[in-house]
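Read-outs: derived from the displayed coordinates by stated rules, not from any lab. These numbers come from a predicted model, not from an experiment. So basically every Cβ, Gly included, is an ideal-geometry build from the backbone, and we count neighbours across all protein chains shown.
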Amino acid sequence: MTKPAPSSAPARRAIRVWLLVVAALMVVTVVVGGATRLTESGLSIVEWKPVTGVIPPLSQEAWRAEFGKYQQIPQYRELNRSMNLGEFKTIYWWEWSHRMLARLVGAAFLLPFLFFLWRGWIEPGLKARLWALFGGGALLGAVGWWMVSSGLAGRVSVSQYRLAFHLTLACAIYAAILWTARGLAIRAFEAVPRRLRLTAASLAMLVLAQIYLGALVAGLDAGLVFNTWPQIDGALIPSAERLWFESPAWRNLFENTLTVQFDHRMVAYAIWIVAALHLVDVIRARPGGAVRNGALALACAVTLQAGIGIVTLLHQAPVPLALLHQIMGIVVLTVAVIHAERLAQQHAGAIAAEPIGVSIPRGTT
């Protein structure tokens, strides 16, 4: 069997398409996970069965058995005692769909990956990165169950610490897959100022940090309180006594609903300001059209997301608006990663295009 060279264009194109498909499936999984969280469905399946769990209940007896397991956990006993079997089925299907999508993402990554390895299409450097991504995905599955298990005893919802870690890890893996896929594309290069590359990379990291803070807000139901804007708790900046009353002080950053929501707002303002200043800087630097369009798209996406966030807050986070806010967060992350990767590759490509080992005698032109 003839194996194409690892650097051949058809092989790179196939790998790129595969990674983009996996990235798209991850977006769908994250969105369904958000809906599962917003509908309080995540604790409806109280067991982790990676293989046999793909088969849902197929009879009324099986459904009653699953419902009986759910009735043993605090969420049912303290919040949902009036729930009937039909209502339980609704939340069960949300969680089952989320877990099935997660399994689908794993299969969509692993099976083509093994095929490409067998064909010898993957370059050594890329091979190590893809194995790392696969390891990250396996860890994500374990973290998902670790998160769910936190809500099965002693509390009526999952730990906001574990929820935030689970979502942020998923988004980080998604960003890495997207970055890797885009790096396989063949593009023209030009030199760009270093400050533009640093700002674009910083914006992508800020967006990821903001997703973490947003998950803390969701985990604490902090979007259901302090539903005014631009003031929060009656002021633009709440009093220190209200922001830092938990002891030790660091717990306020993760458990104080006022502090968590305030941090989420402040980081949102910071991202909007940096994105706007970055756009102005890009326009002044006059790089290629793709870079300008990327900066403009990022600034517009951040502005739209900020507006959706404010409307969601003012309406006390109804499920449709809250889900739209989460979806838009993934859109912002996508635009930020694409823009940062484009600038990074512009720099790398420009360096690679420079002559190597050529010296110009001093005093010559």
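Take the Cα radius of gyration of the chain and divide it by 2.2 N^0.38 Å, with N its residue count; two decimals is plenty.
The value comes to 1.14.
Would you check the chain for Lys pairs whose C-alpha atoms are within less than 19 Å, ignoring same-chain pairs closer than 8 in sequence, and give me the count?
Lysine pairs meeting the criterion: 4.
Report the normalised scattering of the range 90-206 as log10 I(q)/I(0) at q = 0.09, 0.14 Å⁻¹, calculated by the Debye formula with identical scatterers on the alpha carbons.
Normalising to I(0) and taking log10 leaves -0.37, -0.79.
Only loop residues by DSSP count here, and only those with at most 13 other Cβ atoms within 10 Å; note down the chymotrypsin sites (Phe, Trp or Tyr not before Pro) in the range 65-122 that meet that.
Sites meeting the loop and neighbour criteria: none at all.
L111 to E123: extension gain in nm, 0.36 nm per residue of separation minus the Cα-Cα distance?
2.6 nm
Roughly what would the spin-label model give for L20 and I186, points 7 Å off Cα along C-beta, in nm?
Result: 1.5 nm between the two label points.
On a full-extension model of 0.36 nm per residue, what is the gain between S82 and E246, subtracting their alpha-carbon distance, rounded to one decimal in nm?
55.6 nm
Just to be sure I follow the definition: excluding the sites themselves, where is the longest run in the chain that has none of the trypsin sites (Lys or Arg not before Pro) in a DSSP loop with at most 16 other Cβ atoms within 10 Å?
188-361
Helix 319-353 against the longest principal axis of the chain: what's the angle in degrees, Cα atoms only, rounded to the nearest 10?
Compared with the principal axis, the helix lies near 20 degrees.
Any chance you could give the angle, 0 to 90 degrees and rounded to 10, that helix 124-149 forms with the longest Cα principal axis of the chain?
20
If the chain between R284 and A138 were fully stretched, how many nm would it gain, using 0.36 nm times the residue separation less the Cα-Cα distance?
48.1 nm
What distance in nm lies between label points placed 7 Å from Cα along the C-beta direction at I55 and A153?
2.8
Near R64, within a Cβ-to-Cβ distance under 15 Å, what is the net charge of the other residues, with Lys and Arg +1 and Asp and Glu -1?
Net of charged neighbours comes to -1.
Expressed as a whole percent, how much of the Cα-Cα distance distribution for the range 25-161 exceeds 23 Å?
Details: 3814 of 9316 pairs.
The proportion of pairs with Cα distances above 23 Å equals 41 percent.
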